[in-house]
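Rule-based calculations on the coordinates, nothing more; no lab input. This structure is a prediction, so every number in the text was calculated from the model and none was measured. Every residue, glycine as well, gets a Cβ built from its backbone with ideal geometry; the counts of neighbours run over all protein chains shown.
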């Protein structure tokens, strides 16, 4: 009997336990679901890709196409920062996982990928973009889906989005200090402005011209050339005719190589500083292409040079070289890109949450004492308070820092009187 | 009406159209979220260009490497209308001159240039989307074809046109937005085009227009004009000696392809929310030829599938291998063009379709003699002339 009853029972029992399991799975799932938000409640109320121990962020740069050469440094810096943050225990106890997308040097692709990172992947922050064009393309996406972009490049200003933190300098920070310095220390009176023909050089030169004229000095020429232009002989002849004290050059990308080589070939020895060549567009990355011997003696105004002598920077340069090799150079934008994840981490921890709105609210006032450039603080207008340095290019491709602004310079993306 | 359709399109062509319609209207919208569907909508805008290229290159033998020009013109017309609507004095109060598009303000313009003024009107804009590229194509085509410029020379000239227009747009940034393009477009007559529901609507509008273009293209191919195009492609002199004005047909088909591209461009702007010179240049123009080549340059439906497939691959590869995806794309292009010179459509008609036909025909083979003997003579003249097979390779 017993055997028999057991015999009867077992399939029923099996079925029951199977049923119980079937019931248990959704119950467990429901529990898991209930417990996860309970744990992550404050840290993530808007459904971002945050779990108990991970948080997803996006990296959106061009790793193919013409901009890849410039943007690779930023990708490397962002990955390094994320790796270091994870080694320190992550953000709010969560390890950062990054999803990398390729903007392919193509603005519509940037917009598509930005949307994917926000809508599909629900990333808590995106570090990316380089050119103004790519930023303009993704801006509506970030504003519509309420994402947060950390944008590393020095740029023309005239923008202030609640969904972007600008970790590079805007134009007035870079320009005004530099012109004041060259006027005061080099006695410059006549300026010749030139640049590549798009919004950043044009806006920058507009600010430069207004400032020069304010100081009672003169601009003897202003010229623009299309992106990728390689024939600068005519402008070099004009420079020789007008005899300016300073050639203020905002040439970008590959054109730089032609411009500086031709300048040298035309007999303008930059080390003699007559005329003095002053740029805001050539970082150590560009010098790699130009060749140190072709630009030796030119001055640049930026917030960061690889040769900055401070402990933060030494640690940063060492870590960068340890990860990417000894020959690598680090330019201004690369350093600014490195700040992105750190600034985001600080804001998240201050807010106690990954929610975009809370991170935004927490961002102004965030300071970073460990920045390779020294110290930065986020302004209410989402740009950084930072110092401006002036470097003199050396033949080995590095800059020698000859000047550093005494105070942090306030970012002012909509400068009154300069528009 | 019904008989007209059945005269124009064989049952097979209609079935194929129906399958595509089912895919685009039912399957994809049901199986994808709006983000992916919006991407499909974007891919479809390229297929407008590819359809134009099938007519112009596949049938007419006129290889244009500058279709991006027309895509761009259509897109810019639409973008300017939307930009003007977005640039109300209230929304642009921060500018030195409120009420004009932001990029004009950045370039120290203080008023809207006269040629952009009419783009305040939606009716004018719609007209311009068709008329501007058509007139531009007409000028290029008349200048070339009346002088009997063709083949490689014509392709080179279209490339030059693409390069010139790109330089013009980038150089005149105060009027065009330069490299940045025209960005941050928001509403169409107060209707927010950025919302999910608007994206659904725009997707279906795009599909509807696509079918409009598909039918128009099929109509051209199946008409006498289509035959003439193929004849011109094969032996232009013979057509000319037969008393036809060859250049007139070439001009017409080139303008038609331009109009298709422009419609695609305008739909692109609406769905993606901006327009930039990166669609006007040589590289995107050649890419569009590749869509057409992968799909099969002798099949308008193939062109649609080609554009979809290539762009799907592009998105998928680049999401999975952000640093290596270009190689995968290159391999795909080379593979398809080497292995299947007639593209996907060629594979379908030579490999897949005969098998399907065989499958369906088997049960009906019991009384083949009667049906075949009556239909065969009528079918012979049409069948012996097969436009799907170019008689010789073209350089």
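Points to keep in mind about this one:
- For the segment B:268-278, counting C-beta atoms of other chains within 10 Å of every residue's C-beta and taking the mean gives 4.
- Protection proxy ranking of A:291-297, A:73-79, by the mean of other Cβ atoms within 10 Å over each peptide's residues and highest first, is A:73-79, A:291-297.
- Partner shielding of A:102-109 amounts to 6, given as the average count of beta-carbon atoms from other chains within 10 Å of each residue beta-carbon.
- Förster-model FRET efficiency, 45 Å R0, residue A:46 and residue B:131, C-beta, rounded to 0.05: 0.45
- Taken as Cα centroids, segment A:53-107 and segment B:39-91 sit 33 Å apart, rounded to the nearest whole angstrom.
- For chain B, modelled as a GNM whose springs connect Cα atoms under 10 angstrom apart, the maximal fluctuation among B:232, B:32, B:78 occurs at B:32.
- Folded to 0 to 90 degrees: helix A:311-324 orientation relative to chain A principal axis, Cα: 70
- Computed packing ranks the peptides B:307-319, A:157-169 as A:157-169, B:307-319, most packed first, by mean other Cβ atoms within 10 Å.
- Cα-based helix-to-principal-axis angle, B:325-339 vs chain B, degrees rounded to 10: 30
- Average Cα contact separation per residue, chain B, under 8 Å, 6 or more apart, as relative contact order %: 29
- Note on B:16, B:189, A:383: ascending count of other Cβ atoms within 10 Å places them as B:189, B:16, A:383, the fewest first.
- Order of B:256, B:82, B:28 under a 10 Å beta carbon neighbour criterion, fewest first: B:28, B:256, B:82
- Only Cα pairs under 8 Å and 6+ residues apart enter the sum, and on that basis the relative contact order of chain A stands at 17 percent.
- A helix-only calculation puts the protein assembly as shown at -18000 deg cm²/dmol for mean residue ellipticity at 222 nm, using -39500 (n - 2.57) for each DSSP H run of at least four residues, averaged over all residues.
- Sorted by Cβ density within 10 Å, fewest first, the residues A:59, A:356, B:356: B:356, A:356, A:59
- Within chain A, antiparallel bridges make up roughly 30 percent of the DSSP beta bridges whose residues both belong there.
- GNM flexibility winner over chain A from A:398, A:262, A:306 (Cα, springs under 10 Å): A:262
- Helix axis angle, A:171-186 relative to chain A longest principal axis, alpha carbon, degrees: 30
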